[in-house]
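S.K.: This structure is in structure tokens; I'll ask about it shortly.
The values are calculated or read from the model by the stated rules, or taken from the named source; none is laboratory data. All values derive from a computational prediction rather than experimental measurement. Ideal geometry is used to build each Cβ from the backbone, glycine not excepted, and the neighbour counts take in all protein chains shown.
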Amino acid sequence: MKKRSLVLLLVALWIMGLLVFMPKMAHAASADDLTFQINHTYAHGGTGTLSATQSGNTVTVTGAVTHATQSLNLALDAGVKVIWQAVFSGSANGLINLSGSGKGTFEVVKGGVITSSAQVTVYNPPSSSCQIQLDGGEVTNTGEEGAAIRSNAAKAKVTVKNGRVTATGKNGTAISLAGSGSSLEVSGGRVGVSSDSVLGHAIFSGAATTTITVDGGIINAYRDAIYLGGDNATVKVNGGEIRTDGGAVGTGIYIAAGAGNAKVGVKGGKIYSLGSEQN
């Protein structure tokens, strides 16, 4: 009997130990929580102030902060929408980090500007189910091999209706999709890189079963504007312009050798290359 009790005690202690050392899961935040976080607890380490106002499940962020050294981690609960109208810049990697988000929406609108000199400006990690939208704002990355928007979440959705998504650093990427089943829709605005780096891309899709739809806007890069590297990836071009602006061997839409069963459909728009030694 004593032996059995000792065994049960050891099992109980083992389970308690697992609970103590088990990593804590991030919980998505309500609109109330996000408003309080931005107004009272977020320490950006830079200069200026961000201000959040709430209306139901929508949080609107205004203000201006420069030289931020700390990421703003926004874990949006399902149904919560953050409308970004603030000017926000800094050196933090993942200046906006959507880790732990449910099926919420992060939208950058006219007047909103987000710029980072680190590797990623707006980061949607695998732990997120958040949608990213751009409708008149600007998201920029100035770092070497950096990305303005990097979405690593499976089945994530990125939408560009208007505004600009730009990478200005050497070998930078404007939008990077690394989650399987992700989708990107561009209906206006501009997605591109402004450096003359041959490894920079306006849109880089390295995951399987991604879908890129271009209905309008301009997508441009120095070499390859859209890069497909995953199996069963699809590009649908119904309008807009996809172009390379210079450099050797530039391609509007490039399909990597390892991208099995990738498809490109063109019903409208323009796809072309400018400069010499291009195809």
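S.K.: Take the conditions modelled with pLDDT of 95 or more, hydrophobic (A, V, I, L, M, F, W, C), surrounded by fewer than 24 Cβ atoms within 10 Å (Cβ to Cβ) and farther than 18 Å from Leu76 by Cβ and apply them to Ala147. Does it pass?
M.R.: Details: modelled with pLDDT of 95 or more: yes; hydrophobic (A, V, I, L, M, F, W, C): yes; surrounded by fewer than 24 Cβ atoms within 10 Å (Cβ to Cβ): no; farther than 18 Å from Leu76 by Cβ: yes.
Criteria not met by Ala147.
S.K.: When the residues of segment 77-94 are filtered to those that are aliphatic (A, V, I, L, M) and more than 17 Å from Leu134 (Cα to Cα), which remaining residue is farthest from the chain's Cα centre (by Cα)? Walk me through it before giving the result.
M.R.: First, pick out the residues of segment 77-94 that are aliphatic (A, V, I, L, M): 78, 80, 82-83, 86-87, 92.
Narrowing the set further to residues that are more than 17 Å from Leu134 (Cα to Cα) leaves 78, 92.
On the way: Ala78: 18, Ala92: 15 Å.
Here the answer is Ala78.
S.K.: Now for a separate question. Quick test for you: out of Thr211, Thr234, Thr173, Thr251, pick the one residue that is within 17 Å of the chain's Cα centre (by Cα) and surrounded by fewer than 22 Cβ atoms within 10 Å (Cβ to Cβ).
M.R.: Numbers: Thr234 fails: within 17 Å of the chain's Cα centre (by Cα); Thr173 fails: surrounded by fewer than 22 Cβ atoms within 10 Å (Cβ to Cβ); Thr251 fails: within 17 Å of the chain's Cα centre (by Cα).
Within the list Thr211, Thr234, Thr173, Thr251, the selection yields Thr211.
S.K.: Considering segment 86-114 alone, what residues qualify as being aromatic (Phe, Trp, Tyr) and either surrounded by fewer than 19 Cβ atoms within 10 Å (Cβ to Cβ) or touching a residue at least 40 places away in the same chain (Cβ under 8 Å) (or both)?
M.R.: If the condition is that a residue be aromatic (Phe, Trp, Tyr) and either surrounded by fewer than 19 Cβ atoms within 10 Å (Cβ to Cβ) or touching a residue at least 40 places away in the same chain (Cβ under 8 Å) (or both), then no residue fits.
S.K.: Could I ask something else about it? State whether the residues of segment 75-85 include one that is at pLDDT 95 or above and within 16 Å of Ala174 (Cα to Cα).
M.R.: no
S.K.: Show me the strands (runs of 3 or more DSSP E) entirely contained within segment 182-246 in which 2 or more residues are at pLDDT 95 or above and among the polar types (S, T, N, Q). Spell out how you get there, then give the answer.
M.R.: Numbers: elements: 183-186, 190-193, 201-205, 211-214, 218-221, 224-228, 234-237, 241-244.
Per the criteria, 211-214.
S.K.: Of the residues Asn171, Asn162, Asn141, which single one is polar (S, T, N, Q), at negative phi and in contact with a Ser or Thr (Cβ under 6 Å, 6 or more places away or on another chain)? Full working, then the answer.
M.R.: Numbers: Asn171 fails: at negative phi; Asn162 fails: in contact with a Ser or Thr (Cβ under 6 Å, 6 or more places away or on another chain).
Testing whether each residue is polar (S, T, N, Q), at negative phi and in contact with a Ser or Thr (Cβ under 6 Å, 6 or more places away or on another chain) leaves just Asn141.
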